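Novice: Let me begin by handing over the structure; questions about it come next.
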Amino acid sequence: MGIEGKKISVIVPIYQVEKYLAECIESIIGQTYQNLEIILVDDGSSDGSGRIADEYAQKDQRIQVIHKENGGLASARNAGMDIATGDYFIFIDSDDFVPANAYELLLKKAEEKQADYVIGNYINCHEDSELWQKPIFSLEKYQEFQLDIKDYQDSFYIMNSSACNKIFRKEFIENLGLRFVTGVPAEDAIFTTYCFIKAKRVFYIPDIIYIYRQRIAGTSISMNCTEKYFKGISKAYKMIYDNFKENNELGFYRFFYAKSMTYMLYKFIDSGLLTEEEKIEVLSDMRWFYKLSKDLNVPACQESLELIINKIINGDYKDVIDICKVIAEVRTFMPNDIKEKMSKPQPEMYIKMMSNEKI
């Protein structure tokens, strides 16, 4: 039996992307798989994005446009999901684009394996759409396989937080009553980790099915993190932790936590917008999160970070701020790739965690 009768609802949240939107939409309407419902959600754009969306809707009957007040990425995706009639959900951010055969490959695998969702490989591109040399997941190391929440190695690495390199069976999402959480950062991570906890059949394919545009070259996004961001991420991380704990999957969560802990510490270290009072407030608000490193037996990946974590746990916030200032100054002299590598635990750390599991 063919797959032609299956309809994919492609949900595109749009906000201030007139420069990139046409390329995004063209890549969707040019898919080799044509049974698509394309939902463009204009989330209160003040540039020409809404007009561009309307123009495409006039040219392609598969496209419908929602114009709504600005509510953020999660709100826009939810608005699209609420009216979607397809058998599957696919999400694409409006400054990104997809290869022509992406949706056909994802759908074929989802149907063949009767998967709750399928994950595909993806690649970054520069602002001018020029592709980077290598995809995110190594083609030599990772072939097609079924993910397992008890697999803390390959499955952990492939189960990335993005909602955009995946196809979700609508019935699976609807049975969970799942929507993106509004008002917090990391809405993708909350959504995808919960899907992984609840899914019975998840597969990975090594084909590149998504192209992620890197719009901020040579700068640190962390420099723009505000007190509101950190307090929001604390709420989001608490939701993720609670979901894993309530479903008795803290074994897998330890590895998600190790990555998140390192990433968040360097976000805090690099942030240039916080006053000293705000830094103390942020550290106090996220103290519960760093205490998990002891509860879950997750070591810091660097000695300097272990010192910082211990001081956060002990409430020595002024000491933490002083140490972070020194590290931040050193990092200003580092190339971006070195800083990025520092912000991620290395494979050796995960191997150590697997040999010393404790919940």
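The values are calculated or read from the model by the stated rules, or taken from the named source; none is laboratory data. The structure displayed is predicted, hence computed values, not measured ones. FYI the Cβ positions are ideal-geometry reconstructions off the backbone, even for glycines, and counts take in every protein chain you see.
Novice: Restricting attention to the stretch 87-95, does a residue exist that is touching a residue at least 12 places away in the same chain (Cβ under 8 Å), more than 22 Å from residue 174 (Cα to Cα), of a type outside the set (Lys, Arg) and out of contact with any helix residue (DSSP H, G or I) (no Cβ under 9 Å at 6 or more places or on another chain)?
Specialist: Kept after step one, since they are touching a residue at least 12 places away in the same chain (Cβ under 8 Å), are these residues of the stretch 87-95: 87-95.
Narrowing further to those that are more than 22 Å from residue 174 (Cα to Cα): 94-95.
Right, trim to of a type outside the set (Lys, Arg) and you get 94-95.
Filter again for out of contact with any helix residue (DSSP H, G or I) (no Cβ under 9 Å at 6 or more places or on another chain), leaving none.
Looking through the stretch 87-95, none of the residues is touching a residue at least 12 places away in the same chain (Cβ under 8 Å), more than 22 Å from residue 174 (Cα to Cα), of a type outside the set (Lys, Arg) and out of contact with any helix residue (DSSP H, G or I) (no Cβ under 9 Å at 6 or more places or on another chain).
Novice: Limited to the stretch 52-69, what total is found for residues that are in a helix (DSSP H, G or I) and either exposed (fewer than 13 other Cβ atoms within 10 Å of the Cβ) or of a type in the set (Gly, Ala, Ser) (or both)? Steps first, answer last, please.
Specialist: Step one: list which residues in the stretch 52-69 are in a helix (DSSP H, G or I), which gives 52-59.
Subsequent filtering for residues that are either exposed (fewer than 13 other Cβ atoms within 10 Å of the Cβ) or of a type in the set (Gly, Ala, Ser) (or both) retains 53, 57-59.
So the count comes out to 4.
Novice: Could you check residue 244 against (1) assigned by TED's automatic domain parsing to the domain that holds residue 290; (2) modelled with pLDDT of 95 or more; (3) out of contact with any Leu (no Cβ under 9 Å at 6 or more places or on another chain); (4) of a type in the set (A, V, I, L, M, F, W, C) and say which number it fails?
Specialist: (3)
Novice: While we're here: Among the residues that make up the stretch 85-105, is at least one of them outside any loop (DSSP other than H, G, I, E, B) and exposed (fewer than 13 other Cβ atoms within 10 Å of the Cβ)? Working first, answer last.
Specialist: Here is the first cut: in the stretch 85-105, the residues outside any loop (DSSP other than H, G, I, E, B) are 88-91, 97, 102-105.
Checking which are exposed (fewer than 13 other Cβ atoms within 10 Å of the Cβ) leaves us with none.
For the stretch 85-105, residues outside any loop (DSSP other than H, G, I, E, B) and exposed (fewer than 13 other Cβ atoms within 10 Å of the Cβ): absent.
Residue-by-condition table, conditions (1) modelled with pLDDT of 95 or more; (2) among the aromatic types (Phe, Trp, Tyr); (3) under 21 Å from residue 94 (Cβ atoms):
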residue: 163; (1), (2), (3): yes, no, yes
residue: 166; (1), (2), (3): yes, no, yes
residue: 171; (1), (2), (3): yes, no, no
residue: 174; (1), (2), (3): yes, no, no
residue: 181; (1), (2), (3): yes, no, yes
residue: 186; (1), (2), (3): no, no, yes
residue: 191; (1), (2), (3): yes, yes, yes
residue: 194; (1), (2), (3): yes, yes, no
residue: 199; (1), (2), (3): yes, no, no
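Novice: For residue 305, are the conditions met, namely being part of a helix (DSSP H, G or I) and either assigned by TED's automatic domain parsing to the domain that holds residue 262 or charged (D, E, K, R) (or both)? I'd like the intermediate steps shown before the answer.
Specialist: On the way: part of a helix (DSSP H, G or I): yes; either assigned by TED's automatic domain parsing to the domain that holds residue 262 or charged (D, E, K, R) (or both): yes.
Judged against the criteria, residue 305 is a match.
Novice: Right, another one. Please give the number of the condition residue 298 fails out of (1) surrounded by 18 or more Cβ atoms within 10 Å (Cβ to Cβ); (2) outside any helix (DSSP H, G or I); (3) in contact with a Ser or Thr (Cβ under 7 Å, 6 or more places away or on another chain).
Specialist: With (1) surrounded by 18 or more Cβ atoms within 10 Å (Cβ to Cβ); (2) outside any helix (DSSP H, G or I); (3) in contact with a Ser or Thr (Cβ under 7 Å, 6 or more places away or on another chain) applied to residue 298, the lone miss is (3).
Novice: List pairs: first residue in the stretch 111-134 and small (Gly, Ala, Ser), second residue in a loop (DSSP other than H, G, I, E, B) anywhere in the structure, Cβ distance under 6 angstrom, at least six positions apart or on different chains.
Specialist: Close Cβ pairs satisfying both conditions: 115/201; 120/165.
Novice: Let me ask another. With respect to residue 39, determine if the residue is assigned to a helix (DSSP H, G or I), β-branched (Val, Ile, Thr) and assigned by TED's automatic domain parsing to the domain that holds residue 173.
Specialist: Values: assigned to a helix (DSSP H, G or I): no; β-branched (Val, Ile, Thr): yes; assigned by TED's automatic domain parsing to the domain that holds residue 173: yes.
Taking the combined requirement at face value, the residue does not satisfy it.
Novice: Any residue at all in the stretch 243-259 that is among the acidic types (Asp, Glu) and surrounded by fewer than 20 Cβ atoms within 10 Å (Cβ to Cβ)? It would help to see each step written out before you state the result.
Specialist: Initially, the stretch 243-259 is screened for residues among the acidic types (Asp, Glu), giving 246, 249.
Next cut, surrounded by fewer than 20 Cβ atoms within 10 Å (Cβ to Cβ) only: 246, 249.
Yes, some residue in the stretch 243-259 is among the acidic types (Asp, Glu) and surrounded by fewer than 20 Cβ atoms within 10 Å (Cβ to Cβ).
Novice: Considering each of 122, 56 in turn, give the residue that is more than 30 Å from residue 353 (Cα to Cα) and assigned by TED's automatic domain parsing to the domain that holds residue 184. Spell out the reasoning first.
Specialist: Details: 122 fails: more than 30 Å from residue 353 (Cα to Cα).
None of the others qualify; the one that does is 56.
This table checks each residue for (1) within 22 Å of residue 229 (Cβ to Cβ); (2) in contact with a His (Cβ under 7 Å, 6 or more places away or on another chain); (3) surrounded by 13 or more Cβ atoms within 10 Å (Cβ to Cβ).
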residue	(1), (2), (3)
285	yes, no, yes
306	no, no, yes
310	no, no, yes
332	yes, no, no
338	no, no, no
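Novice: Follow-up. Being under 30 Å from residue 337 (Cβ atoms), touching a residue at least 24 places away in the same chain (Cβ under 8 Å), surrounded by 15 or more Cβ atoms within 10 Å (Cβ to Cβ) and not hydrophobic (A, V, I, L, M, F, W, C) is the requirement here; does residue 207 meet it?
Specialist: Numbers: under 30 Å from residue 337 (Cβ atoms): yes; touching a residue at least 24 places away in the same chain (Cβ under 8 Å): yes; surrounded by 15 or more Cβ atoms within 10 Å (Cβ to Cβ): yes; not hydrophobic (A, V, I, L, M, F, W, C): yes.
Taking the combined requirement at face value, the residue satisfies it.
Novice: Take the residues in the stretch 1-21 that are hydrophobic (A, V, I, L, M, F, W, C) and more than 20 Å from the chain's Cα centre (by Cα); name whichever of them is surrounded by the fewest Cβ atoms within 10 Å (Cβ to Cβ).
Specialist: Pass one, the stretch 1-21, residues hydrophobic (A, V, I, L, M, F, W, C): 1, 3, 8, 10-12, 14, 17, 21.
Now drop any that are not more than 20 Å from the chain's Cα centre (by Cα), which leaves 1, 3, 8, 21.
On the way: 1: 5, 3: 15, 8: 27, 21: 25.
Ranking the qualifying residues of the stretch 1-21, first place goes to 1.
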